[in-house]
Structures are given as structure tokens and as C-alpha cells.
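**Q** Right, I'll just put the structure down here and ask away after.
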Amino acid sequence: MRRLYLGLAAGIAILAFFGFAQQAPTGELYKVLKTVKAGGTGGFDYVNADEAGRRLYVPRLGPGARISVFDLDTLDPIGEIPGVSAHGAVVSPKTGYGFASSKPVAMFDTKTLAIIKTIDVDGAPDGIMYDSFNDRVYVLSHRAPNATVINAEDGSVLGTIDLGGAPEQAASDGKGHMYVDIEDKAEIAVVDAKTLAVTGYYDISARGAVCAGLALDVKNNVLFASCRNPQNMVMLNASDGKILDALPIGAGTDGAGFNPNSMEAFSSQGDGTLTVIKENSPTTFAVEQNVTTMPGAKTMTLDPKTNHILLIAAEFGPASTAPRGGGRAGRGPMLPDSFSIVLVGK
């Protein structure tokens, strides 16, 4: 009888373990709260939330190029900045000026949405970041110069930075250190914001490559790099580049963010998922949830005031041509008025 009881106890313990392991994370889960079909023609890339100004900036590319501006709280349209074909847009809360990664770069008034001036830059403007440390804007390009630095006060070009490869997303600690993920090198470039010089590179090829998203926990000095091959979120110490951990994410990441209010990192993916990673301590992390969003919603922005994540996507028809030589078929045309803003929260 003793052996039978022990066997039953062991079996119950095993079942309890597997039951626990399959349980959803405790607490309220993230979900899609709202999907707004903003519609309109034109491609899209990055989306940016201006927390202080309570506006959402969505540049549209191609014919009819413009920057569409929405109320960050209601997602109602506020206005547009016509004639600007940009990949991204950021705002300086100190000056109230906005900047778009167009060629030339467009500098605009966030109150009136009027263009103040255009700024000639070399390269091919793509990503863009605002750094509050010294009120500067960094325009990123896959070809040289990899970064053009602009004074957010007057729009003057302060210099350029050779990052040694193709940059995707950048993050700043607000103390003079900037980090840039180099997509084609499986590296994170470390930049001195005072001297505009690269001071080093962190090699993350052992756990991730083709990294297209980067976020930073400023308090604990932890970088989160979302990578496509392998599909991992790589966590590393921002001080020395030591890899702390790597966890699986969805396919086709193109953006990352970190919310200090919840101590969670996010990776948005083109497969229509948003991976949520919990920072339990500065050295321990866990995949908390994979939220179903919308296919193609691969870029994101975070609103720390509401703890909402906002993504953009659209619906596409079938490809018009078959793949050649075993390659991937091209994407079909965007379906009319299918462009959408997806709001995720608890």
C-alpha cells in the first residue's frame, strides 16, 4: 500500500507540474483593443507615438505621399503633412518640431503641421530616432552615411556617423550613450552622443542575427534586440555587451520596445504576432505571451502613458507573378482602404 500511495502521489505531482506548465500567464493578458481602418493609399514603414503631444505619426510612401497624424487617445485623424514621402517621423518635445526620414528630411511644426524647412542629407533615409540627451535627431540609412545627426532646435546638420553597416533601430539611455542594431553584421554599435563616434560593437551572432528591432531598459541597462534569423529576442548588458539570454519570438520582426512601467519588452512581427517578454530581474526573462495582431503588423510604437502598443498593417491581394527559381513570390497589391492601426493593451 505504501508503494501504491507513493506512486499515486508521484503521478499527481507530475500531472500538476504539466498542468501548471501549460497554464496561461497569471494576471490580465494583452489583447487587441481596437482596430481602426484608416484607409488611404500609399505604403508604410514606421509608426511613432508622441507621448507628450498625444499624437500618432504614420508616414505614407509612394503616390500621394504624406504624413498622416492621429489623436493618440482616440485614433481619430487630426490632419496631414502633404508631399512628404518618409519612412518614419519623430518629435522633439523641447522645441515642438517634428522631423521625417525623407530625402530631403522634412522639418515641421507639430501644432500647425506646416513644413518649416527641408534639410539636404546624403544616403537613403530610413529609420529615425530622437535623443533627449542633447535634443538631436538621428536619421539612419542602410548606405553611407549610416547616420546623419540633426540639431532639433534649428534643423542644422551637426555631422554624420559611419556605423560600419546597415542600421535598423536605435535606442538611447538619455545619458550620452546610443545603441544601434546593425542588421547585416549581427552587431550592436555603441555610439558616444557627445563626440558622434562609434566606441565599440557588441557581437550577438551566437544567439541572433538580422536584427531589426532594438529597445533598452534604461534603469537596469539591458538591451533587447529582436532578430529574424534565428527568431530570437536577445537580451544583453548595455555596459559590456554580455549576452544574458535569448528567447524565441515570431517571424519577421521589424520593431521592438520596452515599457518601464510593466518591465516588459515587445517585438512586433510580420506573421501577425506581438511577443511579450517579461523582465523578472536584470538577468532573468521569460516569454509572457504571444498576442495575435494582424498579418503584416511588423512595426510598433509604445505609449507609456496608457501602456498601449500601436501597430500598423494592411491587407494585400494575391501576388500577380509566380516566384522564379524557387524564390518567394512578390506581394500583391494593397486592398483599397485596408490600411489599419491596431491598438493592443490589457
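**Q** Could you tell me how many of the residues in the stretch 34-52 are touching a strand residue (DSSP E or B) at 6+ places or on another chain (Cβ under 8 Å) and farther than 14 Å from LEU302 by Cα?
**A** Final tally of qualifying residues: 11.
**Q** Of everything in the stretch 3-53, what is at pLDDT below 95 and basic (Lys, Arg)? Give them in sequence order.
**A** ARG3
**Q** A further question on this structure: Would a scan of the stretch 78-90 turn up a residue that is touching a Pro at 6+ places or on another chain (Cβ under 6 Å), open to solvent by 40 Å² or more (accessible area, probe 1.4 Å), without any contact (Cβ under 8 Å) to a residue 24 or more places away in the chain and not basic (Lys, Arg)?
**A** There is no residue in the stretch 78-90 that is touching a Pro at 6+ places or on another chain (Cβ under 6 Å), open to solvent by 40 Å² or more (accessible area, probe 1.4 Å), without any contact (Cβ under 8 Å) to a residue 24 or more places away in the chain and not basic (Lys, Arg).
**Q** Step by step: first the residues of the stretch 284-333, then only those that are at pLDDT below 95 and among the basic types (Lys, Arg), then the one that is nearest to ARG55 (Cα to Cα). Which residue is that?
**A** Within the stretch 284-333, the match that is nearest to ARG55 (Cα to Cα) is ARG331.
**Q** Still on this structure, I have one more. State all residues of the stretch 41-76 that are surrounded by fewer than 16 Cβ atoms within 10 Å (Cβ to Cβ) and either more than 21 Å from the chain's Cα centre (by Cα) or in a strand (DSSP E or B) (or both); if no residue qualifies, say none.
**A** Matches in the stretch 41-76: THR41, GLY43, GLY62, PRO63, GLY64, ASP71, THR74, ASP76.
**Q** Another question, then. Considering only the stretch 107-151, how many residues are open to solvent by less than 40 Å² (accessible area, probe 1.4 Å), over 25 Å from GLY165 (Cα atoms) and either of a type in the set (A, V, I, L, M, F, W, C) or at pLDDT below 95 (or both)?
**A** Counting residues in the stretch 107-151 that are open to solvent by less than 40 Å² (accessible area, probe 1.4 Å), over 25 Å from GLY165 (Cα atoms) and either of a type in the set (A, V, I, L, M, F, W, C) or at pLDDT below 95 (or both) gives 3.
Yes/no matrix, rows are residues, columns are (1) part of a loop (DSSP other than H, G, I, E, B); (2) acidic (Asp, Glu); (3) farther than 30 Å from TYR202 by Cα; (4) in contact with a strand residue (DSSP E or B) (Cβ under 8 Å, 6 or more places away or on another chain):
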| residue | (1), (2), (3), (4) |
| --- | --- |
| PHE99 | no, no, no, yes |
| TYR138 | no, no, no, yes |
| ASP154 | yes, yes, yes, no |
| GLY164 | yes, no, no, yes |
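**Q** Now for a different question. Got a sec? Which strands (runs of 3 or more DSSP E) wholly within the stretch 194-304 have at least 2 residues that are touching a residue at least 24 places away in the same chain (Cβ under 8 Å) and open to solvent by 40 Å² or more (accessible area, probe 1.4 Å)?
**A** Output list reads 197-203, 243-248, 284-292.
The values are calculated or read from the model by the stated rules, or taken from the named source; none is laboratory data. Every value quoted in this text rests on a predicted model; they were computed, and no experiment measured them. So basically every Cβ, Gly included, is an ideal-geometry build from the backbone, and we count neighbours across all protein chains shown. These area figures cover heavy atoms from the full protein model, side chains too; ligands, DNA and RNA do not enter into them. Shrake-Rupley method; radii C 1.70, N 1.55, O 1.52, S 1.80 Å.
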